[in-house]
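Pasting a structure below so you can have a look.
The values are calculated or read from the model by the stated rules, or taken from the named source; none is laboratory data. Keep in mind that this is a model prediction, so the values were computed, not measured. For neighbour counting, all protein chains shown are included, and Cβ atoms are generated from backbone atoms with ideal geometry for every residue, glycine included.
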Amino acid sequence: MRKLAYAWRIAFLLFFLVMKVSAQDITVTGNVSDLEKGSALESVSIRVVGKSVATKTDAKGNFTIKASKGQTLLITSLGFETQRVSVKNDQKIIVRLRAESSELEDVVVVAMDQKRKPRELGYSTQQVKGAEIQETQRDNFVNSLQGRVAGLTVNPTSGTVGASSQIVLRGFNSLSLSNQPLFVVDGVIMDNSSFDETSDGGRGVGLASDRPNRGSDYSNRVSDLNPNDIENVTVLKGPEATALYGSQASSGAIVITTRKAKTSKLAVQYDNAFRIQKLNRFPPTFDGYTNGTNNLPTNIFRYFGPAYPSGTKLYDNIGSFFRNGKSQTHNLGVDFGIKKSIFRFSATYLKQEGVVPNNDQEKINLSLRNTTKIGKWIEITPAIAYTRTNTAKVLRSAGGYLLGLMQYPNTVDVTKSEDDGGNKLPLFSANANGEVDNPLWNVANNRGRDQTDRLFTSLGVNINPTSWLSIVGRFGYDTYKTIGYQNYHPQSFFVSTALRGSQDNYWNTYKGYNHTINATAKKTIGDFSLRLMAGTMWQDYRTEVFAVSGNNVADPNRTDSNNTAPNTRRRLLRNEFGEPNLRLLRQIAFFGEFAISYKNLLFFNYSHRFESASTLPAANRNYNYPGLSLSAIMTDILPGLKKSGVFNYWKLRGSMANTARLNTPYSTQSVFVNNFGSSTIPAYSYGFTNNNPDLQPERQSTFEIGTEFKFLKNRLSIDATYYNTLTKGQIIENMRLSYGTGFVLNTQNAASTRNEGVEIAIDYQLVQKKDFGWNTRLNFNKMWNAVVGFPANVSEFYISDTWLYGNARASVLGLGSPTTGIASWGYARNNAGQILINPTTGLPLTDGRFKLRGDRNPAFTLGIQNSIRYKNWRLSFLWDLKIGGDIFNANEMFLTSIGRSNRTIDRFTPRVIDGVLNDGFANSATPTKNTISVIPGYNDAYYTASSMPEEAFIQKNVNWLRMRDITLSYSLNERALRNLNGVKSASIFITGNDLFLITNYMGADPQVSGNTAATRGVGAFGFDYGTLATPIGVNFGVRVGF
């Protein structure tokens, strides 16, 4: 009996051991992605049913979990249908989650770092995933947004390394102030200014030489943000969306959420990218004639001499000047943590050489972000990011290498720019300063450089003491220092012999602090849900600049400020007393928001902000404005719509709000400036600018209405919006009035504008199979604008920076004119519109008046984005279409005036210009028709501005179709990863930027701007003069996760 009992015990033990082995846990790996879009899903919850074992997916959608064969994994994510997957073996589990009905989409981060479901919003928003931005491989991430958001326009200033970009939402609402949106990173405002070369006579924060924003570019500072740190970008375009941010968000807001660690498990990510760039577009030129004028040889940089003799050797100076650009980028990310405190560290190194010699950049980004939970109620999210950017710069626009390259003779090898003694090699003149700089000599000797060190810190505090009350704080300190110089060599064409060179040095320091604290209470009463929020915001931004400019350069190879003669040096006004020139803005605000919803199908929201700003006079510095919105889910209000099978989702929404826009600091007070012209003894007088002690803020009223649809089981979605913005009391700074005022420039509330537009965003999942998917997104934008209020005694307002070449500039010419107009001189005409002809020469006459000749605003724009996946392959590409909009092709006008334009090829063909003689009968019933024959080859005045004015070079209705980005990537499968110990994911990619451009533009690239992003108002987009086209680029690299 004992033996039997013993045998049973042994059998039971063996059975238990067998069962134990069979139930042993295995390591299960997998990947979760969106079934419709094919994109990886992050933070998806993976849980073993019946167990406490759980994990979440990483940024690539990958996960690892311990489970036993036969157990079930529960896979859940907000906005997607829940899936259950049985564990069968150790093969990788591939999960494709299907989106639920649209009301369960991911939450959207809106104003004040609040999170809302899309169905609640009564205004338009769009999101761009960080993965899309990183995929473009663009160093300045704002350039990756073009075409991806309806109503968003990015205007890069040139194709050089470190160039700035202007970003605008829903057009231009201010004539002389900034139209760029507010940038908010993790709830904290981040500065995006570009250094302003203009110092307004030495009183502002610019260069001591007080130059217009043309010759040297300065990066817009949000480019310091590491694109690899971006989780997603939310674009707030509507009025009610930005009302809580106040006057600084009057042009919209770009809300950025950065990547953070998800778990405390150690995870390492590394990726790299290697880029090759090439310039493939240059202003079309003609080279068939020697230097000279009127078919006579002359030693000048004009090409109206005799034709080149047969056999003349011509050099490819354009090809010899430009080089292939190259860059390398390395990104490292590390996630780690201890219990309830998790960290993410990231580092990026970028080194690039542009297509222009001596135009290089080196950048380092370091960041550390933490999320720590303290007890049950409190969560803190501190973060710190450091950036160092070092950029070697070349001159652009007037004074730049490009104009020199266009006019340099091709009978001379451009690579030979110096003699044996290292001096500028003369061509026609013994005086080096008297002739055009060799372009290679220009970029080597007229040098510029800046270095920026930036520290951006933030702290988020979330306190949730009860289920109905939350207290949120966002605190940020942003500071950077830029040290830079720009010099002109003593032998440069752009300085006189007497000056012996010139040099600018500057030290720009920015310190910005802002915080937002708010409390939100929620309550549900029956079918009603209530939310009440109240908060305060404090902003303190300080810019300090030291700058010195001087002549008589001691050593062209030195760059320190002691390199110029002491008696030639000029400093900014306060610098003369050892203090920095200062720009200071302080602002305090109190705001509140009340929201009520009914049965989760009808939503009403009202907000109000009370604000006080230091830039305004005491009597006008306190102001307030409301905002309200309404959202109605029609498919829930009328359930029959869903049952019809046509609609899966239909929403109506509308919003309206008032906002304000502030003047620049100190524009309320006229100040004394150094008067160098009156006496060698330091003297002071009022400057050119008459500031206004009675300024009020601009007031902007906007309403928008919109609708959202989803069809075909949510595969097709349409979002349409109409908006209307009226801006009254526009602050016009630097307006030219009568000199009887005692000033040249004046400041006042003087105009009103209206800006309207239609936006349509369409998302369509063309194919959604397990191994194959194709998603298409369309972003359509059409906007129009007009001046609806303007002083009757003022004929024109223009930004002087935009007066680049000849007599053309960005102007507003009274009531009814567009805000995006081009004013220029044109042909003189009689009352019937016929061109007047000089009866002596047979050449056209010009009117010598600035009139509206063009409008840069396009008829519409359309971004076409596609994402295609097949098994482990993925292809994405973005087309950018622009129809309409005029461009002043100043390059073509310049080339025509020197005989290098294609329109001068037929110079020896006689012609009679269609017009009437200006002989006293031009406006009679029988004007004298012109019959005078002209041969321009013998009278090249035909090609100059006196006979061919700026009007002739404003190209109308410029269109383009541009491939912005295209990426092909391949992710290694599970079988390949098994051979790579410790590697959880790996992929390779190749990305092309700006590879194709189809356009009717006669110049190099229609996407140009004559000024830097520091120019306020509408700026100089659509003015093409001496700026480089965007090069094409090809990137390739790998991504690995450990």
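What do you reckon, is N957 buried (at least 21 other Cβ atoms within 10 Å of the Cβ), among the polar types (S, T, N, Q) and either within 38 Å of the chain's Cα centre (by Cα) or in the same structural domain as Q137 (by TED's automatic domain parsing) (or both)?
No, not satisfied.
Within the range 724-738, which residues are within 27 Å of the chain's Cα centre (by Cα) and over 11 Å from L177 (Cα atoms)?
Result: N724, T725, L726, T727, K728.
Against the condition of a type outside the set (D, E) and surrounded by 16 or more Cβ atoms within 10 Å (Cβ to Cβ), how does F456 come out, does it pass?
So F456 fits the description; yes.
Hey, which of the strands (runs of 3 or more DSSP E) in the range 917-1032, taking only ones fully inside, have at least 2 residues that are in contact with a Lys or Arg (Cβ under 9 Å, 6 or more places away or on another chain) and closer than 21 Å to S165 by Cα?
Once the strands (runs of 3 or more DSSP E) in the range 917-1032 are filtered for at least 2 residues that are in contact with a Lys or Arg (Cβ under 9 Å, 6 or more places away or on another chain) and closer than 21 Å to S165 by Cα, what remains is 960-971.
Each row is one residue, and each column tells you yes or no for (1) touching a residue at least 12 places away in the same chain (Cβ under 8 Å); (2) within 19 Å of N675 (Cβ to Cβ).
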position	(1), (2)
T564	yes, no
N567	no, yes
N575	yes, yes
L582	yes, no
R586	yes, no
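Something else now. What's the number of the only condition in (1) outside any strand (DSSP E or B); (2) surrounded by 19 or more Cβ atoms within 10 Å (Cβ to Cβ); (3) of a type in the set (D, E, K, R) that K651 fails to meet?
(1)
Of the conditions (1) closer than 30 Å to D113 by Cβ; (2) surrounded by 14 or more Cβ atoms within 10 Å (Cβ to Cβ); (3) not hydroxyl-bearing (S, T, Y), G305 fails just one. Which one is it?
(1)
With the range 461-569 as the region, which strands (runs of 3 or more DSSP E) entirely inside it contain at least 2 residues that are among the acidic types (D, E)?
Where strands (runs of 3 or more DSSP E) fall fully within the range 461-569 and carry at least 2 residues being among the acidic types (D, E), they are 528-551.
Just to verify a result, which residue in the range 841-878, among those that are within 30 Å of P910 (Cβ to Cβ) and in contact with a strand residue (DSSP E or B) (Cβ under 6 Å, 6 or more places away or on another chain), is surrounded by the most Cβ atoms within 10 Å (Cβ to Cβ)?
P844
Just one of (1) polar (S, T, N, Q); (2) at pLDDT 95 or above; (3) surrounded by fewer than 19 Cβ atoms within 10 Å (Cβ to Cβ) trips up N930, so point out which.
Result: N930 passes all but (3).
I've got another one for you. Tell me, which residue of the range 81-97 that is basic (K, R) and part of a loop (DSSP other than H, G, I, E, B) is farthest from the chain's Cα centre (by Cα)?
K88
Do we have any residue at all in the range 409-417 that's of a type outside the set (G, A, S), crowded, with 20+ Cβ neighbours inside 10 Å and out of contact with any Pro (no Cβ under 7 Å at 6 or more places or on another chain)?
There is no residue in the range 409-417 that is of a type outside the set (G, A, S), crowded, with 20+ Cβ neighbours inside 10 Å and out of contact with any Pro (no Cβ under 7 Å at 6 or more places or on another chain).
With respect to A547, determine if the residue is at pLDDT 95 or above and more than 23 Å from A660 (Cβ to Cβ).
Yes; evaluated as a whole, the condition is true for this residue.
Also, I was wondering about something else. From L73, L41, which residue is closer than 22 Å to R1039 by Cβ and in contact (Cβ under 8 Å) with a residue 24 or more places away in the chain?
Of the residues listed, the single one that is closer than 22 Å to R1039 by Cβ and in contact (Cβ under 8 Å) with a residue 24 or more places away in the chain is L41.
Hey, can you tell me all the residues within the range 308-343 that are touching a Leu at 6+ places or on another chain (Cβ under 9 Å), β-branched (V, I, T) and surrounded by 19 or more Cβ atoms within 10 Å (Cβ to Cβ)?
T329
For S397, all conditions in the list (1) in contact with a Ser or Thr (Cβ under 9 Å, 6 or more places away or on another chain); (2) at pLDDT below 95; (3) farther than 30 Å from A307 by Cα; (4) not acidic (D, E) hold save one; what is the number of the exception?
(3)
Sticking with this one: Scanning the range 268-302 for residues that are of a type in the set (A, V, I, L, M, F, W, C) and crowded, with 20+ Cβ neighbours inside 10 Å, which turns out nearest to I988 (Cα to Cα)? Walk me through how you get there before you give the answer.
Taking the range 268-302 as the starting set, the residues that turn out to be of a type in the set (A, V, I, L, M, F, W, C) are 268, 273-274, 276, 279, 282, 286, 296, 300-301.
After this cut, where a residue has to be crowded, with 20+ Cβ neighbours inside 10 Å as well, the list is 273, 279.
On the way: A273: 10, L279: 26 Å.
Here the answer is A273.
Quickly run through the range 418-438 and pick out the residues that are polar (S, T, N, Q), assigned to a loop (DSSP other than H, G, I, E, B) and surrounded by 14 or more Cβ atoms within 10 Å (Cβ to Cβ). Please lay out each step first, then the result.
Here is the first cut: in the range 418-438, the ones polar (S, T, N, Q) are 423, 429, 431, 433, 438.
If we keep only those that are assigned to a loop (DSSP other than H, G, I, E, B) too, we end up with 423, 429, 431, 438.
Matches in the range 418-438: N438 only.
Would you confirm, using the coordinates I've provided, whether T136 is farther than 30 Å from F172 by Cβ and either of a type in the set (S, T, Y) or touching a Cys at 6+ places or on another chain (Cβ under 6 Å) (or both)?
no
Of the conditions (1) outside any helix (DSSP H, G or I); (2) touching a Lys or Arg at 6+ places or on another chain (Cβ under 8 Å); (3) hydrophobic (A, V, I, L, M, F, W, C), W441 clears all except one; give me its number.
Only one criterion in (1) outside any helix (DSSP H, G or I); (2) touching a Lys or Arg at 6+ places or on another chain (Cβ under 8 Å); (3) hydrophobic (A, V, I, L, M, F, W, C) is unmet by W441, namely (1).
Right, something else. Could you go through the range 317-327 and let me know if any residue there is closer than 30 Å to I990 by Cα, of a type outside the set (A, V, I, L, M, F, W, C), within 35 Å of the chain's Cα centre (by Cα) and in a helix (DSSP H, G or I). Write out each step before concluding.
Within the range 317-327, the subset closer than 30 Å to I990 by Cα is 318-327.
Those left that are additionally of a type outside the set (A, V, I, L, M, F, W, C): 319-320, 323-327.
Remaining after also requiring within 35 Å of the chain's Cα centre (by Cα): 319-320, 323-327.
In the following step, the residues that additionally are in a helix (DSSP H, G or I) were identified as 319-320.
Yes - at least one qualifying residue is present in the range 317-327.
Right, next: Find the residue count for the range 361-387, including only residues that are surrounded by 20 or more Cβ atoms within 10 Å (Cβ to Cβ), of a type in the set (D, E, K, R) and within 30 Å of T1030 (Cα to Cα).
1
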